[in-house]
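The values are calculated or read from the model by the stated rules, or taken from the named source; none is laboratory data. Computed from a prediction, not measured in an experiment: that's the story for all the values here. Here Cβ is always computed from backbone atoms with ideal geometry, including for glycine, and neighbour counts include all displayed protein chains. In case anyone asks, the SASA skips ligands and DNA or RNA and just uses the protein heavy atoms, side chains included. Shrake-Rupley method; radii C 1.70, N 1.55, O 1.52, S 1.80 Å.
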Amino acid sequence: MPNLFILVLQVAVVLTACRLTGALFRKFQQPRVVGEMFAGIMLGPSLLGWIAPHFSAYLFPASSLGFLNALSQIGVIIFMFLVGLGINPKELQKEGHAAVLSSHVSITAPFVLAAFLALYLYPRLSDDSVAFSSFALFMGAAMSITAFPVLARILQERKMMHSRLGTVAIACAAVDDVTGWIILAYIVVLIRAAHSPTSIWVTLGGIVVFAVIMIYGVQRLLQHIFLHAYERWGHLSENRMAFMILLVLASSLLTESLGIHLLFGAFLMGAIMPKEPKFVRYVLDRFETITVTLLLPLFFAFTGLRTNIGLVKGPTMWMYCGLIILVATVGKLGGSTIAARVTGMPWRESAGLGILMNARGLMELVILDVGLDIGVISPALFSMMVMMALVTTFMTTPALNVICPKALLEAAPDKAGARPSSPPVGPPEGESQVA
Amino acid sequence: VGLPLLGLVAVLKSGRGLAAPYSVDGAWKIDSSVDRSSASACGNLLSSITSAPLSISQSGKTLVVTLSGGTKTTAGTLEGKALKAQFVAAGNSGTADCGDGGLTLTATLDPQAEPRVLRGTLAVAGCASCVPLEFRAVRQPKSPGGTR
């Protein structure tokens with residue numbers, strides 16, 4: 001049984017720390033999520049456990065972390081559902097050459113560079129229980145991910161959703177995230193299959209059958225159950241909302257039992273939900289508040305408790321950390337910038353796209369958490385990658401202010417002509433809080 | 001896109017030849033069949049320490065070693081098959097007969113054994129009369145959901 005006093009105290013402390021730090025970071029024009037990620041790290045062994053070890057041990061005893069983790073994972077499941085909900089694959093097809101090329105390069109460049117970096121890091125930060133291919137592929141997936149919700153939020157705040165830069169960036173981010181998650185699913189299957197009596201081919205076959213049923217069968221049913229009801233009555237009944245949550249949980253459980261992670265099921269369920277903008281906005285509104293204000297901060301805290309910057313000790317370890325940040329930035333920022341420039345975007349807009357794509361935010365933490373759980377990365381590497389996620393997300397807004405100031409974008413009319421009336425992917429306009 | 005993919009394939013192929021440090025990560029059950037009569041004045045201290053599992057968190061050659069159910073934690077190193085960790089004195093953990101309570105753990109890994117086995121000694125720093133306690137630790141199976 002959980003110690004309820006400790007659990008409630010933990011939630012209260014985490015909420016307070018996240019709200020305060022988030023508000024502080026907002027003053028510096030940073031997305032709230034960066035502040036909340038930072039708050040999570042402060043509550044862990046990197047700061048609180050270091051300066052007040054006894055208080056830290058009292059507040060976060062090892063026996064209580066299982067309950068905190070369970071609560072935070074519920075939050076991440078709903079978050080991944082909302083991320084999937086915000087992605088509209090059909091609209092991606094409308095994007096032009098720029099989006100297609102940029103998205104491909106923004107995945108492959110950091111992916112390949114990360115694989116090269118893996119050659120150097122594997123003998124130094126891994127061990128022989130992890131196959132090199134799993135290690136390299138995970139590093140690639142983790143470095144090629146983009147913070148889709150953070151990116152959408154930044155674009156909304158800067159009123160850039162309808163600009164060429166905005167539409168291309170959000171299309172690329174969506175493609176990157178879907179690709180990154182597919183690769184991650186493969187890695188998880190590969191590693192879990194090594195410890196499971198079930199053949200990897202049976203697992204992969206099961207996943208393909210599940211995905212086909214979801215995309216070609218369940219998707220149509222969802223139109224009838226949810227979209228038609230919403231269009232008829234203008235809202236969804238509590239029973240239908242409960243049924244939606246049940247479907248998310250069922251999908252999560254199925255992917256978990258198939259040998260991949262709970263989160264893939266939640267993401268897929270969101271991705272096949274109806275994409276009518278008003279409906280998406282309605283569902284987001286119902287889920288966001290409790291997820292963003294209560295459950296995700298718990299995830300940040302749990303991630304912070306697993307992040308120990310003290311493990312990055314000595315000049316050599318800090319050199320590894322710097323190298324990871326450098327490769328991640330060069331691959332993502334550099335790759336996206338050059339690809340966009342090749343497609344004819346002006347330099348400043350191309351660099352703006354690169355900067356936006358380089359933000360990794362919460363999506364990176366989710367991936368890293370999975371990586372640490374399945375043992376493909378070590379605790380020290382996990383801490384370095386968390387720092388990389390923080391740095392790349394933190395630098396987005398200031399770098400964008402320098403390279404693509406609002407005045408410049410307003411002065412430069414959209415050369416691509418008419419823009420779509422709604423963003424190609426991502427939550428319809430409004431105050432999305434997921435970021 | 002084709003060229004980078006070829007590069008990726010080349011990296012994956014060349015990476016197969018790389019050797020990473022042996023894995024010692026996880027919980028290790030210290031074998032209770034060790035003859036503890038070999039320990040002298042420090043026997044009780046060492047026995048109490050080794051009655052709880054040994055826990056190791058690994059990042060390459062760098063280790064975080066935890067003994068005595070989490071009350072003693074220190075950094076350690078793994079060089080080849082040789083594991084070494086030095087626990088500084090906790091202040092009140094020593095006894096009048098038994099040094100200052102600082103401990104030195106040295107062990108050798110048997111990577112061929114399944115599950116893996118560590119054989120080594122645990123010695124009390126600053127206690128000339130104490131005989132180091134020999135131990136054998138067997139790695140416990142990892143949970144199927146997560147391995148680390």
| query | So what is the calculated 222 nm ellipticity per residue for chain A, using -39500 (n - 2.57) for each DSSP H run with n of 4 or more, over all residues, to the nearest 500 deg cm²/dmol? | reply | -23000 deg cm²/dmol
| Listed residue pairs exceeding 28 Å between alpha carbons, taken from A:K332/B:K84; A:K159/A:K332; B:K13/B:K84; A:K332/B:K13; B:K29/B:K81; A:K332/B:K61 | A:K332/B:K84; B:K13/B:K84; A:K332/B:K61
| query | Quick one: ranking A:H261, A:H104, A:H54 by accessible area, 1.4 Å probe, largest first, what do you get? | reply | A:H54, A:H104, A:H261
| Taking a probe of 1.4 Å, how large is the accessible area per residue of region A:230-296, in Å²? | 45 Å²
| If you count the DSSP beta bridges with both ends in the protein assembly as shown, what percent of them are antiparallel, to the nearest 5? | 100 percent
| List A:R240, A:R164, ordered by accessible area with a 1.4 Å probe, largest first | A:R240, A:R164
| message | Buried by at least 10 Å² relative to the chain on its own: which residues of region A:156-204 qualify, computing accessible area with a 1.4 Å probe on protein heavy atoms? | response | A:R192, A:H195
| task | Using the Karplus curve 6.51 cos²θ - 1.76 cosθ + 1.60 with θ = phi - 60°, work out ³J(HN,Hα) for each residue of region A:13-24 in order, rounded to whole Hz, and write x for Gly and Pro. | result | 5, 5, 4, 4, 4, 5, 5, 5, 5, x, 5, 4
| What nm value, rounded to one decimal, do you get for the distance between A:T198 and A:V402 when each label is placed 7 Å out toward the C-beta? | 5.0 nm
| Charge sum, other residues only, whose C-beta stays under 14 Å from A:T21's C-beta, Lys/Arg counted +1 and Asp/Glu -1 | +3
| For chain A: rounded, prolate or oblate by the Cα gyration tensor [a/c cutoff 1.5] | rounded
| query | Considering the dipole of the protein assembly as shown built from charges on the beta carbon (Lys and Arg +1, Asp and Glu -1) around the Cα centre, which of A:P110, B:P111, B:I30 is farthest to its positive end? | reply | A:P110
| remark: For region A:104-218 the mean separation of alpha carbon contacts under 8 Å (6+ apart) over residue count, i.e. relative contact order in percent, is 26 percent
| task | Would you tell me the mean number of C-beta atoms belonging to other protein chains that fall within 10 Å of each C-beta in B:55-64, as a whole number? | result | 6
| query | To the nearest 10 Å², what's A:L268's accessible area with a 1.4 Å probe? | reply | 40 Å²
| query | Round to a whole number: what % of the accessible area of region A:21-142 belongs to carbon and sulfur, probe 1.4 Å? | reply | 69 percent
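Mind running the shape call on region A:257-389? Use the C-alpha gyration tensor, a ≥ b ≥ c as the square roots of the eigenvalues: rounded below 1.5 for a/c, prolate if a/b tops b/c, oblate otherwise.
Values: a/c = 2.05, a/b = 1.10, b/c = 1.87.
Oblate.
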| query | Quick one: if the Förster radius is 35 Å, what FRET efficiency do B:T104 and A:H54 give, using the C-beta to C-beta distance and rounding to 0.05? | reply | 0.85
| said: Ratio of alpha-carbon Rg to the 2.2 N^0.38 Å globular estimate for region A:230-303, to two decimals, please. | reply: 1.23
| request: Round to the nearest 10 and report in Å² the accessible area of B:Y22, as given by a 1.4 Å probe over the protein chains' heavy atoms. | output: 70 Å²
| task | Grab the Cα-Cα distance for A:A62 and A:R19, subtract it from 0.36 nm times how many residues apart they are, and report the gain in nm with one decimal. | result | 13.0 nm
| What are the ³J(HN,Hα) values, in whole Hz, obtained from phi via the Karplus relation 6.51 cos²θ - 1.76 cosθ + 1.60 with θ = phi - 60°, for each residue of region A:131-145 in sequence order, with x given for Gly and Pro? | 6, 4, 4, 5, 4, 5, 5, 5, 4, x, 4, 5, 7, 8, 6
| task | Using only protein heavy atoms and a 1.4 angstrom probe, determine the accessible area buried between A and B, summed over both sides, in Å² to the nearest 100. | result | 2400 Å²
| Between B:E79 and A:I213, what is the FRET efficiency for a Förster distance of 45 Å, r being their Cβ-Cβ separation, to the nearest 0.05? | 0.30
| said: Show me the ranking of peptides A:32-45, A:176-189, A:143-156 by mean Cβ neighbours inside 10 Å, starting with the highest. | reply: A:143-156, A:32-45, A:176-189
| query | Counting Lys and Arg as +1 and Asp and Glu as -1, what is the net charge of the other residues whose Cβ lies under 12 Å from the Cβ of A:E36? | reply | +3
| Each label point is 7 Å from the Cα along the Cα-to-Cβ direction; what then is the distance between the points at B:T121 and A:Q223, in nm? | 7.6 nm
